């Protein structure tokens with residue numbers, strides 16, 4: 001496990017010098033700004049008096065939600081009451097120093113706050129303004145509240161997930177939030193690169209439903225080309241057989257022979273080459289038609305040896321083969337650990353927090369933990385001082401936020 | 001449906017002037033370079049004599065796979081025999097003009113081709129070299145063949161997807177390829193931005209397993225914080241009730257009341273407020289414990305009206321509510337159409353191809369179809385001429401590729 005102690009003296013990241021004012025909360029927006037922060041941007045999370053609701057979600061240890069910690073590493077926190085004139089004034093001053101503003105409010109909320117696209121451009125020419133919403137910034141559903149589950153259902157994703165028996169199935173991760181957040185980060189960096197070249201800012205947006213739609217891959221292509229609506233096929237592959245989950249002596253294995261060449265390698269490694277001319281096995285089309293029989297024949301061989309035997313033998317033969325791991329297995333896997341995908345990060349006052357490592361690797365300016373996830377408002381003083389506030393004003397803003405207590409300030413995607 | 005005719009005269013995209021040499025094939029790499037191309041980069045797809053295998057997959061109309069077309073829009077194609085000295089020489093000349101090289105070969109293949117990181121830097125100082133692999137560029141599994149299904153099983157994703165009855169379930173889209181491809185695009189653009197500022201190139205990599213791990217969200221956080229391994233919960237939410245799929249008079253609806261405030265709005269809209277003090281309903285904890293009963297009581301009300309009734313009424317009440325659509329429903333949805341997420345693109349010689357629109361929206365330099373997906377080798381002449389090749393040499397390279405016929409040149413993630 002990689003031990004990470006926050007260290008601001010390490011080499012600069014990809015987005016060194018980029019300042020992001022992050023008005024987003026919960027998941028899609030904070031995931032976007034986590035990417036930007038991991039890439040080296042300075043992300044200032046502007047939180048309402050009650051804090052990002054995710055601070056109260058998931059399991060907390062020593063007063064810190066590990067869910068919040070994972071999604072908010074490398075960020076600073078400023079707590080402001082945006083329902084007061086002074087709070088809004090501080091936010092506007094902050095935005096005037098920023099390269100990027102990110103929100104995931106419902107469309108229209110920023111306009112009501114006086115921070116629509118025109119206002120933001122006036123505050124800071126050349127700014128990038130990135131929004132994430134459920135359904136897009138326009139259109140008939142624009143005012144509906146959005147949520148990952150709704151996007152999974154609406155986008156066709158749930159209809160493709162599951163089995164014939166299960167019916168449409170939500171997946172266990174908030175996939176539409178995560179996809180949209182990653183898209184928003186990509187769009188933001190692309191717009192920053194353009195701004196560096198042209199001096200011009202840009203309005204960028206991503207949506208939960210649009211992101212999932214763009215992940216339709218062969219299913220969408222098949223539907224567009226044929227008009228046939230693909231069904232959920234569970235662990236089978238609609239166009240290829242054999243393919244799927246097989247039962248070894250001590251557990252299940254995934255086998256994915258995606259083409260005829262790999263299929264032949266599989267049959268050789270299973271010592272089933274004599275079936276080559278069997279009418280059920282002759283062609284992929286025949287095997288798809290006789291999938292139950294084909295899978296049973298193969299499974300009879302697979303069940304004679306262990307998972308680890310087949311992983312060694314089949315992969316060596318060039319057949320993609322793996323194990324089915326739960327999270328405990330995944331985070332104990334030597335390959336996963338070799339990629340530093342499990343990190344333990346020191347959070348002063350809250351102990352060491354385990355979290356997932358960086359999915360992107362860079363040779364020159366690797367992602368790193370520069371800062372632990374911030375306590376609510378922990379950077380008020382330093383950020384406000386940079387904006388020219390004196391100690392008394394800083395204290396007044398903090399008192400204002402404290403008084404505002406649990407006032408809400410919009411709804412997030 | 002948005003009609004798109006390729007048009008190179010439209011305003012420049014985010015990545016205007018960036019040249020990408022794309023050695024990738026099948027899915028993860030081409031999805032990465034599709035993003036770069038959609039953002040305005042010039043992507044030159046270098047294909048082996050037999051072409052990207054995806055050209056032969058999925059349903060073809062007028063000689064064109066719509067699956068290939070969707071993932072390879074906005075790219076050019078150069079067909080080269082990389083097993084010949086002349087083919088490799090042309091590739092090296094091409095790389096010397098590039099800003100980015102992308103591959104998804106198994107780690108080590110590029111080194112064997114003489115195109116490892118050092119060689120690429122020598123060919124073009126400041127180049128960005130982006131690789132996508134199954135498991136990462138190092139580690140104990142580095143030489144295993146990789147595939148989306150394997151990554152879904154190994155990363156813990158399958159163990160979180162499904163129901164108690166179904167067991168671990170692969171999802172219907174090649175999620176690990178798509179996530180890794182999007183990460184690779186993000187890493188590439190971030191590295192380009194850094195290069196613009198520092199002049200320094202970079203090695204960037206993403207992996208199918210790492211990408212999915214990074215999408216573990218609350219499940220991973222829960223496992224890290226408690227040591228408890230989260231189980232697949234189907235359409236339920238492990239921590240919240242009511243939440244899930246309910247049956248209206250004419251179909252199913254998704255209802256996602258993620259917190260107590262929204263739950264109260266739901267109960268009011270269902271006219272079930274009198275249950276507030278019922279022992280089964282008093283707290284979220286009680287409702288989770290009595291989920292079956294709670295869901296049944298709610299469903300008794302839901303089944304009395306239609307899907308469209310509840311979508312109107314519950315969303316108006318502030319409760320995220322949606323329909324479950326298959327792809328036919330999704331691509332007929334007025335909101336989806338309003339976002340131009342269904343495009344029909346003219347492919348000269350192959351008719352009009354329907355495909356998914358752009359998930360990212362930009363105010364200044366929107367993504368657009370500048371080029372239809374290329375025929376194999378359709379840009380050999382123009383690209384090679386730019387490199388200084390004469391007509392005879394261009395013809396000789398084409399003849400060499402033609403002769404090489406079906407030689408393979410590596411394995412892709």
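We did not get these values from a lab; they are worked out from the coordinates using the rules stated. Just so it is clear, the structure is predicted and the values come from calculations on it, not from any experiment. Because the Cβ atoms are built from the backbone with ideal geometry, glycine has one as well, and the counts that use them run over all protein chains shown.
In table form, for the structure just shown:
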{"read-out": "For chain B, built as a Gaussian network whose Cα springs stay under 10 Å, the top-fluctuating residue of B:14, B:368, B:393", "value": "B:393"}
{"read-out": "Bridge type composition, chain A - antiparallel percent by DSSP, nearest 5", "value": "40"}
{"read-out": "Computed over the range A:6-123, the ratio Rg/Rh where both radii use C-alpha atoms and Rh is Kirkwood", "value": "0.97"}
{"read-out": "The range A:313-413: C-alpha gyration tensor shape, a/c 1.5 cut-off, then a/b vs b/c", "value": "prolate"}
{"read-out": "When chain A is reduced to its Cα atoms, the Kirkwood hydrodynamic radius in Å", "value": "24.1"}
{"read-out": "Copies compared at residue A:251 - label distances in nm, ascending, label defined 7 Å from Cα in the Cβ direction", "value": "4.1"}
{"read-out": "Sequence-separation-based contact order of the range B:98-236, relative, with Cα cut under 8 Å and 6+ spacing, percent", "value": "30"}
{"read-out": "Efficiency of FRET between residue B:337 and residue A:1 - r from beta-carbon atoms, R0 51 angstrom, step 0.05", "value": "0.60"}
{"read-out": "Pseudo-label separations to other copies for residue B:313 - Cα-to-Cβ vector, 7 Å, nm", "value": "6.1"}
{"read-out": "Shape of the range A:244-330, Cα gyration tensor, a/c cut at 1.5", "value": "prolate"}
{"read-out": "Residue-averaged 222 nm ellipticity for chain B, from DSSP H runs of 4+ at -39500 (n - 2.57), nearest 500", "value": "-10500 deg cm²/dmol"}
{"read-out": "Distance-filtered residues of the range A:250-270 - backbone nitrogen under 14 Å, label point 7 angstrom along residue A:239 Cα→Cβ", "value": "A:258-260"}
{"read-out": "Crossing angle, helix A:307-316 versus chain A [Cα axis fit, 0-90 degrees, rounded to tens]", "value": "80"}
{"read-out": "For residue B:332, inter-copy label distances in nm, listed shortest first [label point 7 Å out on the Cα-Cβ vector]", "value": "5.0"}
{"read-out": "Acute angle (nearest 10 degrees) that the helix B:175-198 long axis makes with the longest principal axis of chain B, alpha-carbon atoms", "value": "60"}
{"read-out": "Range of Cα positions in the protein assembly as shown per principal axis (Å), largest first", "value": "78, 57, 51"}
{"read-out": "Between 0 and 90°, nearest 10: helix B:85-95 axis offset from chain B longest Cα axis", "value": "60"}
{"read-out": "The protein assembly as shown - share of DSSP beta bridges that are antiparallel (%, nearest 5)", "value": "45"}
{"read-out": "Whole-Å distance, taken between Cα centres, linking the range B:265-313 and the range B:53-67", "value": "48"}
{"read-out": "Normalised contact order of chain A, rounded percent, pairs of Cα under 8 Å and 6 or more residues apart", "value": "25"}
{"read-out": "Packing-based exposure ordering (other Cβ within 10 Å, fewest first) of A:88, B:1, B:323, A:341", "value": "B:1, A:88, B:323, A:341"}
{"read-out": "Modelled FRET efficiency - R0 25 Å, residue A:363 with residue A:247, Cβ distances, 0.05 increments", "value": "0.05"}
{"read-out": "Centroid-to-centroid separation of the range B:69-93 and the range B:244-263 [C-alpha atoms, Å]", "value": "51"}
{"read-out": "Spatial separation of Cα centroids for the range A:164-224 and the range A:343-377, in angstrom", "value": "25"}
{"read-out": "Relative exposure of B:101, A:18, B:279, judged by other C-beta atoms within 10 Å (fewest first)", "value": "B:279, A:18, B:101"}
{"read-out": "Sorted by Cβ neighbour density within 10 Å, fewest at the top, the residues B:338, A:382, A:28, A:214", "value": "A:382, B:338, A:214, A:28"}
